[in-house]
Each structure stands twice: as C-alpha cells, then as structure tokens.
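**Q** There's a structure below that I have some questions on.
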Amino acid sequence: MANTSIQGRVVYAGTNQGIKGLAIVAVDFDPLFSEEILNEDSTPVFSDDDGSFSIRYTPDQYRVWVLDRNPDIVLRVYGPGLRLLHQTAEHKDVTDSTLTLTTINIHRANIEGWLVTNATLDPTQPDLRADGTPPTWTTGNEVVILKDGETMFPMLTDAINNASTSIHFMNMNFWLGKGLVTKFIPDPPSSNVPVNGFRVHEILKVKAASLRSTNILVQDIPVFGRIFGADTDGLVEDFFKGSRASVRSFPIFLSLLNLPSFMHAKAVILDGSTAFVLGSTMSQSYFGAQGHLIQDRRHRGSLIHDISVKVVGPAVEHIDRTFTTVWNAADSSSSALSPAVAQPPAVQPGIGVQVVRTLPGGTFTTSHTGGRALPHGETGALEAYQRAIAQAKKFIYLEDQYFTAPEIFDALLERMQMPEASQLEVILVMNAKPDVSGYPERQIQLIKQFRSDLVTALGEPAVKKRLGIFTIWSCQEAAAKYEIMPIYIHSKTAIVDDLWATVGSANLDGASLNQIQLATIVEQKLADQIEEGKWWKRLMMGIVIWLLTPLVIALTTAVKIGMARPTQHANPGQARQPTRSTELNVVICEKQPDPAVPNPTVVSFRQSLWGEHLGLTSLFPVPGTGWIDFWNQRADDKLKNLLNEPTQPAGLRVKHPAKILAWQPEKRPSRISAGWV
C-alpha cells in the first residue's frame with residue numbers, strides 16, 4: 001500500500017506538554033539528490049494545542065522522477081522566525097500508508113528567548129544547561145563599539161603595543177608592509193608632508209621577543225588567491241621569519257568535507273583578557289573615518305565603512321576559544337594551544353555578551369581543537385539573527401555588506417505579519433553593488449520578492465511606512481570640482497528594539513550563515529562573460545556553453561547542492577554538511593531583556609551609528625510618524641542637495657550632512673540611476 005500520510009506529536013523535552021503552533025514540513029529525499037516537499041501546496045501544517053500534527057499527500061508527490069518508488073521521508077520542525085528546530089532521521093522506503101513518528105522532544109530554551117542555545121536539531125546538546133542558560137553568554141563585560149577604521153586601528157595598535165604576555169591574532173588577510181600605517185602622527189596627516197605613524201605589524205614583530213607567545217593566523221588561498229592578489233600568507237610568513245612570532249596559514253583545502261574552507265573570522269586577543277572582534281581586513285583601505293571624506297590620505301582612495309568591537313571580561317575566554325580552535329585545526333600535528341582561562345567580571349554589573357560563530361562541518365573534528373569535537377560545525381550566527389528578528393516589536397536595523405541569505409528575508413517576512421509586531425519597522429542599509437559576482441542580481445531578486453510578498457500581505461501604504469532600504473554616499477567639494485562617491489559598507493551589524501545588537505565578521509549571505517552560494521556566483525559569472533564581452537567574445541562563449549551544456553548543467557547542479565544535502569543549520573543527523581565559512585560575532589544582549597528597559601550600550605551604539613548616516617549630532621526619541629518616514633525625509637533632502645549644490649559656484653556650496661540615499665534595484669548603479677544629472 002502506498003504511503004499517503006504522516007502523523008506525530010512534538011512536546012517540550014522532559015515533559016509531556018505539547019507545543020502548539022510549530023510549522024511542520026515533510027520532505028522526500030529522492031534518488032537524484034534533490035528534495036520534494038510532500039505537504040499539499042508545499043504549505044506547512046501547524047501543531048495543535050496538544051502538539052499533534054498530521055500531513056496528507058498523494059503518491060504523485062514523491063513519484064516525480066521514478067514511478068512506483070516508495071518515499072524516503074524526513075520531517076522538519078520550524079519555530080519562530082522560520083528557524084529550523086528539529087529534523088528527524090531519514091525514514092527510508094516507507095510502505096506504511098500512515099507513517100507514525102515517535103514523539104519529537106524539543107527543549108523549551110531552544111524555541112524561546114533572544115539568545116542562541118546551539119542546540120538546534122539536537123535536544124541532547126551537552127552545552128545546553130539545565131537552567132536554560134545559553135552557552136557562551138556571560139555578564140560583567142566591558143564593551144566598546146569601534147566605528148570605522150579611524151577608531152579601530154589606532155586603539156588596536158596601542159593595545160598590541162601594551163600587551164604583556166601573549167597575542168593571538170587572526171584575520172583572513174594581513175596586507176602588511178611599509179604602506180600599512182595603523183596609527184598616524186599627526187592624525188589626520190598634514191598635507192604635503194610624508195605620512196608618519198605606527199605600523200601594527202612592526203610592533204607585533206618587536207613585541208614577540210618579549211612575550212610568552214605571539215601567534216598569527218591568516219588564510220591560505222593558493223593558486224587563484226596568488227594570481228589575483230588575494231593571498232597574504234606568504235607575505236606574513238616572510239615578514240615574521242626569524243622572529244619569535246609563530247605564523248600559521250588556515251588551508252582552504254583543510255577538509256575534503258568542506259570545500260572551500262574560508263577563515264573569515266577576525267579577532268585579536270591580548271594577554272587572554274582583552275579581545276577585539278573585527279569586521280575589517282588588515283588593509284590601509286579600511287582606514288575609514290566617520291566623515292568619509294573622498295580626499296583623505298589615510299585610506300588612499302577607498303571609502304569603506306566598518307564596525308568592530310573591543311571586549312574586556314568573561315566573554316574574552318569564548319572569543320579566544322574560537323582562535324585556538326582554528327589555530328589548532330590548521331596544524332593538528334603540533335601541540336594544542338589552550339584557550340584563555342575564564343576572566344573575572346571587568347565591571348559590575350557589566351554588559352551581557354554572547355559569542356556566536358559559524359563553523360564548517362568536517363573540519364573541527366577532534367578535541368585537539370581546544371574543546372569538544374564539532375564534526376557538524378556551528379551555525380550560531382544564523383540562529384542569533386533568527387531569534388532576534390522573531391522577538392522584534394519596534395524596529396529591526398540591518399547594516400551589512402551582503403543581503404543574499406533567504407533565511408533572513410523569510411524571518412523578516414514572517415515577523416512583519418505577526419499581530420504583536422504590527423508597528424514593527426525594518427531599516428536595511430546595504431551596498432548599491434556588492435563586490436561578489438552574482439550577488440547584485442541575487443540581492444535585487446530577494447528584495448523585490450520580499451517587498452512584493454509584504455505588499456500582498458500588508459498593502460502598499462503599510463509597506464511604505466514600515467520598510468526602508470538605503471545606501472550611503474560621500475560628497476566633497478575639491479576646488480572647482482564637486483565629487484560624489486559611494487561608501488562601501490563592509491560592516492556586519494544589526495540592532496533590534498534597543499535590546500539586542502551584534503557586531504562581527506558574519507555577513508548576511510550563505511557562506512557566513514549556513515551554505516555558500518556557489519551556484520549564484522558561478523552562474524552569474526558565466527552570464528557576465530556573455531553580457532559584458534565584445535561581440536566576438538560573446539559569440540565564442542555562447543558556442544562553448546552550447547557545446548558544453550550537459551557539463552555546465554552537471555557542474556552547476558553539483559555546486560548548488562554543495563556536495564551535501566542542503567540543511568538550514570548544523571545537522572548532527574547529516575554526515576556531510578553544506579560548505580560554509582568560519583565566522584565570529586559578538587551579541588550584546590541581556591539574558592532576559594525587559595522590553596521596557598532599553599540596553600544603554602545598544603542605545604548608545606544605535607545613536608552613534610544612525611547619527612553618522614543621518615548627519616545628526618544627536619538623535620531624539622522616535623519621531624511621531626515613525627523612523628522610516630524620518631529616514632526617507634533625510635534621504636530625500638540629501639538627494640535634492642546633491643542635485644542642487646554642484647550647480648552652485650565653488651566655495652558657496654553647502655553639503656547636506658546626511659549620507660543616505662534610497663536604494664535603487666540596479667545591477668550596475670550609476671549617478672543617473674541614483675537620480676543625479
């Protein structure tokens with residue numbers, strides 16, 4: 001008899017209490033390594049008051065490719081923010097007309113609250129404490145937000161110079177050399193005189209002679225990285241050769257189960273007691289300032305906006321544990337480096353901080369990595385975003401280099417339709433054109449779909465009032481010229497309801513959160529070759545692709561599946577995880593935040609950040625018409641100023657202080673597309 005239904009029940013772990021309102025989806029793993037949703041119209045069913053659910057379907061749902069086959073069924077349970085809470089083991093070759101599942105147990109803390117539990121898909125997770133306290137959350141921390149490179153680089157330079165026992169340094173790239181100045185004297189440099197200042201790599205080299213240990217970890221990007229100038233491990237090894245500093249490269253081919261394996265996390269830990277979690281690569285181009293002047297000798301022509309954070313206190317242990325995990329995995333034949341010991345509170349009561357990560361599967365597989373083995377990796381950064389979005393009631397502010405992760409838009413779409421979040425406003429600050437091939441098109445596609453779905457659900461007037469999307473620009477009068485230039489957003493930060501904020505290295509894209517979007521990159525790269533080349537190049541490329549169509553289809557299909565079945569989170573039921581990078585973020589949030597009591601650190605961060613973008617020295621309470629209306633008005637005023645001021649005589653122009661403009665869905669943005677003439 002053919003299988004036509006599934007039934008089961010989901011309860012809170014350790015109790016017999018059913019969980020109401022969880023979304024249930026049944027999936028058939030077909031022989032061609034794809035998935036067919038069995039639910040009617042691909043729509044989830046929801047658990048009832050007792051936690052029970054039933055899904056019905058016809059055999060046609062799972063006999064798409066092979067007639068008379070029986071389904072291989074996996075059940076997925078989703079909670080708030082469409083976050084995957086649980087996935088059952090695969091039930092192969094199901095012949096029962098109704099597949100009755102054993103009771104599904106999910107820990108209450110894995111469903112509720114603001115903070116990550118890292119127990120996704122695994123209610124027996126040993127790091128989930130009996131009292132529901134999330135792992136890696138500590139209080140008693142001192143936190144300093146470092147906005148833009150002019151703040152971060154000098155402070156980091158001084159901290160490294162003052163280290164007394166040890167330095168742990170990790171960054172994807174380290175563009176050292178005489179050209180890299182991390183603290184200018186004077187700052188900013190005087191015009192028409194040689195630039196002078198301190199260079200952090202030279203300080204590191206000297207300090208290593210007097211410290212117990214100095215360990216420097218960078219990414220190794222062989223072949224292509226060296227051809228295209230994206231690899232610095234050789235430079236770093238040569239510079240520190242003969243010194244007491246130890247240098248390791250994190251191999252891109254470290255694990256055959258996670259290719260490519262990018263170490264995108266960026267941190268510096270000093271004496272085991274102070275940590276910097278960085279957004280920036282160590283490069284002169286990241287020396288941006290709050291003013292983001294186009295003519296600035298410190299950044300040498302690149303306008304980049306970024307956010308980093310300094311932490312002192314108990315959270316440093318968990319930041320350093322990430323460093324030692326990656327350091328030890330990079331060379332498992334050497335003696336393991338132990339993480340810093342737990343630090344006492346830096347201040348009382350201090351700030352609540354949770355350290356969250358993205359870690360690939362198949363890479364950190366033994367306890368040699370400075371803690372328990374992590375064969376499936378972690379997806380704490382994704383879980384942190386999903387939890388915060390699911391709790392939001394007032395506003396969600398997302399500022400990121402990339403917006404290509406569908407999980408984020410799914411969570412936003414669900415939350416904005418919730419009755420309890422009927423006044424929720426969402427502000428997105430993004431790049432007009434991300435720097436990864438395929439990302440501009442993917443970003444436009446997702447945002448258009450997101451907005452269309454919102455209009456269908458809420459209506460156009462509500463969407464205009466509750467959703468704002470912006471880019472940031474700089475303008476500067478230079479003699480008779482009036483220069484306009486986009487500011488590239490490299491930050492990976494978010495703020496929710498003045499109760500929660502995050503800063504770190506994890507972008508809102510697949511590689512940083514869950515699964516690298518290689519298909520998007522590869523397919524668009526081919527399209528760009530056809531679209532942008534000369535006519536004869538386009539013709540030749542078209543012929544080649546036509547002749548190699550079967551191979552192209554096979555390659556892009558293999559890329560799409562990443563040689564592993566897709567899964568939203570690190571999945572202990574799946575031996576092969578989707579390919580993802582190594583990331584590190586700091587979350588500022590109390591264990592049980594009170595919506596009526598804003599977090600002072602988060603409020604201060606928001607006011608400083610929004611003040612920079614909006615061109616205000618201070619921010620008042622929420623305007624009567626809401627934040628979106630206010631942001632839109634500032635963007636409109638900025639555009640009018642940009643259209644008018646270049647026409648005025650030199651020396652009489654008055655620049656509007658705001659930097660924001662409304663985002664335009666243009667693949668290749670130009671001054672015309674931004675409304676300029």
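**Q** Tell me whether the stretch 295-341 comes out rounded, prolate or oblate; compute the Cα gyration tensor, take square roots of the eigenvalues as a ≥ b ≥ c, and use a/c under 1.5 as the rounded threshold.
**A** Verdict is oblate for the stretch 295-341.
**Q** Distance in nm between label sites at Ser302 and Glu420, each 7 Å beyond Cα in the beta-carbon direction?
**A** Modelled inter-label distance: 4.4 nm.
**Q** Select from Tyr286, Pro649, Val455 the residue farthest towards the positive end of the dipole of the chain; place +1 on Cβ of Lys and Arg, -1 on Cβ of Asp and Glu, and compute about the Cα centre.
**A** Pro649
**Q** Given the pairs Lys492/Lys659; Lys147/Lys183; Lys465/Lys655; Lys433/Lys638; Lys591/Lys659; Lys481/Lys638, which span a C-alpha to C-alpha distance of over 25 angstrom in this model?
**A** Exceeds cut-off: Lys465/Lys655; Lys591/Lys659.
**Q** May I pose another question? Net charge within 9 Å of Ile660 by Cβ-Cβ distance, Lys/Arg positive one each and Asp/Glu negative one each, not counting Ile660 itself?
**A** +3
**Q** Counting only protein chains, not ligands or nucleic acids, how are Asp320, Asp68 ordered by accessible area (probe 1.4 Å), most first?
**A** Descending accessible area places them as Asp68, Asp320.
**Q** To continue, here is another question. Which of rounded, prolate, oblate describes the stretch 231-347, given a ≥ b ≥ c as roots of the alpha-carbon gyration tensor eigenvalues and a/c under 1.5 marking rounded, otherwise prolate only if a/b is larger than b/c?
**A** In terms of gyration-tensor shape, oblate.
**Q** Can you give me the distance in nm between label points at Thr625 and Asp48, each placed 7 Å from the Cα along the Cα-to-Cβ direction?
**A** Going from the Thr625 label point to the Asp48 one covers 4.9 nm.
**Q** Evaluate the relative contact order of the chain (contact order divided by residue number), counting alpha-carbon pairs under 8 angstrom at least 6 apart; express in whole percent. Could you put the intermediate results ahead of the total?
**A** Numbers: 1536 pairs, mean separation 92.0, N = 677.
Reported relative contact order: 14 percent.
**Q** How large is the accessible surface of Phe239 in square angstrom, using a 1.4 angstrom probe and rounding to the nearest 10?
**A** Number for this one is 50 Å².
**Q** Okay, moving on. Could you work out how much longer the chain between Ser604 and Gln348 gets when fully extended? Use 0.36 nm per residue separation minus the Cα distance between them, nm to one decimal.
**A** On the way: separation 256, 0.36 × 256 = 92.16 nm, distance 1.86 nm.
Net length gain for the segment: 90.3 nm.
**Q** Leaving ligands, DNA and RNA out of it, rank Thr404, Thr647 by accessible area with a 1.4 Å probe, largest first.
**A** Thr647, Thr404
**Q** Relative contact order, percent, of the stretch 160-259 when contacts are C-alpha pairs under 8 Å separated by at least 6 residues?
**A** It rounds to 31 percent for the stretch 160-259.
**Q** Same structure again: If I ignore ligands, DNA and RNA and count only protein heavy atoms, how much of Lys393 is accessible to a 1.4 Å probe, in Å² to the nearest 10?
**A** For Lys393, solvent-accessible area is about 110 Å².
**Q** Quantify, in whole percent, the carbon and sulfur part of the accessible surface of the chain (1.4 Å probe; protein heavy atoms only).
**A** Of all accessible area on the chain, carbon and sulfur atoms account for 57 percent.
**Q** Please give the helix 380-391 orientation as an angle from the longest Cα principal axis of the chain, in degrees from 0 to 90, rounded to the nearest 10.
**A** With rounding to tens, the tilt is 80 degrees.
**Q** Also, I was wondering about something else. Between rounded, prolate and oblate, where does the chain land on the alpha carbon gyration tensor, with a ≥ b ≥ c its root eigenvalues, rounded for a/c under 1.5, else prolate if a/b exceeds b/c?
**A** Cα axes put the chain in the rounded bin.
**Q** Could you sort Val496, Val66 by their accessible area in this structure, using a 1.4 Å probe and putting the largest first?
**A** From most accessible down to least: Val66, Val496.
**Q** Cα axis of helix 149-161 to longest principal axis of the chain: angle in degrees, 0 to 90, nearest 10?
**A** The helix 149-161 is inclined about 80 degrees to the chain.
**Q** Moving on to the next point. Counting only helical runs of four or more DSSP H residues, what would the 222 nm mean residue ellipticity of the chain come to if each run contributes -39,500 (n - 2.57) and the total is spread over all its residues?
**A** -8000 deg cm²/dmol, from helical runs alone.
**Q** Which angle from 0 to 90°, rounded to the nearest 10, does the C-alpha axis of helix 627-644 make with the longest principal axis of the chain?
**A** For 627-644 against the chain, the angle is about 40 degrees.
The values are calculated or read from the model by the stated rules, or taken from the named source; none is laboratory data. Fair warning: this is a prediction, and the values are worked out from it, not measured in the lab. Positions of Cβ are backbone-derived with ideal geometry, glycine not excepted, and every protein chain shown enters the neighbour counts. Surface areas here come from the heavy atoms of the whole protein model, side chains and all, with no ligands, DNA or RNA. Shrake-Rupley method; radii C 1.70, N 1.55, O 1.52, S 1.80 Å.
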